[in-house]
Structures are given as structure tokens and as C-alpha cells.
């Protein structure tokens, strides 16, 4: 997941209260817990897979057994699982998701290390040829991090599209990046947009309205292609980002209203994230480790 320390002037947070669900500020914490559990039990479109247990971090190789344990936890609640890499154990995620009847958005993690990029792209193509990829996500916020040029990125996209003509191929980045690069939109089969009202300092009461503006900005430049929200969420612990406060109540409200919006407007949303991951407290600050619907010990929150 990205972190948003910049405030984007191209999308002003409105002060008009507007959500797709209820005015949840009127509900007690116990009522929110009940609504949150009911919402999750009804099922969601998709969820981002959290790979690492306490003490693990990217670069560690993860076993099939560890991945399957978490896939089994998520299976009753989601139709899709999104992965972020195709190496170091991440390749087990689409295989085991398919085993358990779950669709897959499979990501190749790209960065400035071109040798590692080759391993990711080759592994993604191999997984696709095995029938394990429903949507291929070629890179995640590599433009946001300024680690590849637009020409390099489009080269990777075209390579995967050529190798996997039977698979929808796209690129994941913050919603506003697609406005800047029409040639990127042209190269994608589907527009994969990360939308975080929290990281833009949006107060919880206006967050779904702000989310809709993010989504609609990506849609307005999508050239008629489908737009999928590939990440959105709200931390339940930590500090604040502008007017956005991390808390249990706010995390529950955001999840409930996001799922209402997703269902009512028929928007495909991958929620971030499945499990808390302790390693994320670095770059993302004290909120980084608390985006999961389950905690780091794989216990469902808000019981």
C-alpha cells in the first residue's frame, strides 16, 4: 500500500456530508461492531492479501502452508484476492486462491531493480499460462515512487499483454496518475486505481463522497474502460493525517460505507487490507501496521 504525504490540489475535499450508507456517527461502538460484522458476513468483492506474519517482511520467503492458512480464513468472505508480487512465496497466492475457488488479481512488483523486474514479469507470465491469473496487475505505484519511466512501464505492460492475450492486463496507481498519462490508459485493458481518503486528510464523515470523486476522476479519463478500486481502507490505530483520524470507530464506519457504495453502485473494490502487518510501521508511520480486518495474530477485529 502507498502512503500519501502529499495533498493533491486537483481534488479538493468537500465539506458536504454525503455517504452511500447511513450517517454512522449516530451509532454506538457496539452497534458499529454489529453492523461491521454483518457487512463482512454478507461478503465483499475483493481483498488485498497480507503476506507477512509478525517478524516477517518483504524479502522473506513464505511457504505454501502459511499462505493457505490465510486463504482459508478469507475464503468465506471474499470473491477475489489481490496479490502484489509473483516471487518469494507470493506465487503461492494465486495457486491456492484458485484451489479454494477464489478469483485472482495477480501483481508483478516493479521497481528500479531491472533484474528483479525480469523475475517478476517472467513469473507473472508463467502463472498466467497456468490459468491462475484473472487480472494481471503490472506494477504498483511505480510512477508514484518515480522508479520507472512511463516508457519502461508501458513496455512491461505490452510484454505481458502479448504473452497473455487471454488475461485482462492493467497497472495500479493513485487515481490521479491516469489523468497525467493518457498513453498509460491506452496501454491498459482495465484501469486499476488506488483511492485513499485517509491519506488525503479527509474527515471520516466526508470520506465516501471524497472516494466517489477519486473514482470518478479516474473514470473520466478511462477511455470507456472499466475502473476498479484496487486499494482503499482506513487504519484502526495510530495517529492522524490532516482531518483523518485513525480509530476503531472510523475504521468500521469506512468499511461499512465502502461496501454499501460498492454494492449499490456496482463498483469492484479491493479492500486494504486483510491482516495487520507489523513491518509497515516504518515508511507509513504509526498507522502502517493497522489496516487489516484481522489483526496480526489472524484474529477478526471488533469482537
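The values are calculated or read from the model by the stated rules, or taken from the named source; none is laboratory data. Computed from a predicted model, the values in this text were never measured in an experiment. Don't worry about glycine lacking a Cβ; one is built from the backbone with ideal geometry, like all the others, and counts go over all protein chains shown.
Out of 110, 153, 127, I need the residue that is crowded, with 21+ Cβ neighbours inside 10 Å, over 28 Å from residue 79 (Cα atoms) and in contact with a strand residue (DSSP E or B) (Cβ under 7 Å, 6 or more places away or on another chain). Which one?
One residue alone meets the criteria, 153.
Output the qualifying pairs, or none if there are none: Cβ atoms under 7 angstrom, residues six or more apart or on different chains, first residue in segment 90-105 and in contact (Cβ under 8 Å) with a residue 40 or more places away in the chain, second residue buried (at least 22 other Cβ atoms within 10 Å of the Cβ) and in a loop (DSSP other than H, G, I, E, B).
Qualifying pairs under 7 Å: 93/49; 93/83.
Residue-by-condition table, conditions (1) more than 19 Å from the chain's Cα centre (by Cα); (2) surrounded by 24 or more Cβ atoms within 10 Å (Cβ to Cβ):
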residue: 193; (1), (2): no, yes
residue: 220; (1), (2): yes, no
residue: 229; (1), (2): no, yes
residue: 237; (1), (2): no, no
residue: 240; (1), (2): yes, no
residue: 243; (1), (2): yes, no
residue: 253; (1), (2): no, yes
residue: 260; (1), (2): no, no
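How about segment 281-294: which of its residues are touching a residue at least 24 places away in the same chain (Cβ under 8 Å), under 16 Å from residue 240 (Cα atoms) and not in a loop (DSSP other than H, G, I, E, B)?
285, 286, 287
If you check residue 58 against the conditions, is it surrounded by fewer than 22 Cβ atoms within 10 Å (Cβ to Cβ) and either under 16 Å from residue 293 (Cβ atoms) or in contact (Cβ under 8 Å) with a residue 12 or more places away in the chain (or both)?
Against the criterion (surrounded by fewer than 22 Cβ atoms within 10 Å (Cβ to Cβ) and either under 16 Å from residue 293 (Cβ atoms) or in contact (Cβ under 8 Å) with a residue 12 or more places away in the chain (or both)), residue 58 qualifies.
Identify all residues within segment 262-280 that are at pLDDT 95 or above and in contact with a strand residue (DSSP E or B) (Cβ under 8 Å, 6 or more places away or on another chain); write none if there are none.
Once the filter is applied, which keeps residues that are at pLDDT 95 or above and in contact with a strand residue (DSSP E or B) (Cβ under 8 Å, 6 or more places away or on another chain), segment 262-280 yields 262, 267, 268, 269, 270, 271, 272, 273, 274, 275, 276.
When residue 218 is evaluated against the numbered criteria (1) closer than 30 Å to residue 66 by Cα; (2) touching a helix residue (DSSP H, G or I) at 6+ places or on another chain (Cβ under 6 Å), which criterion, by number, is the only one it fails?
All conditions are met except number (1).
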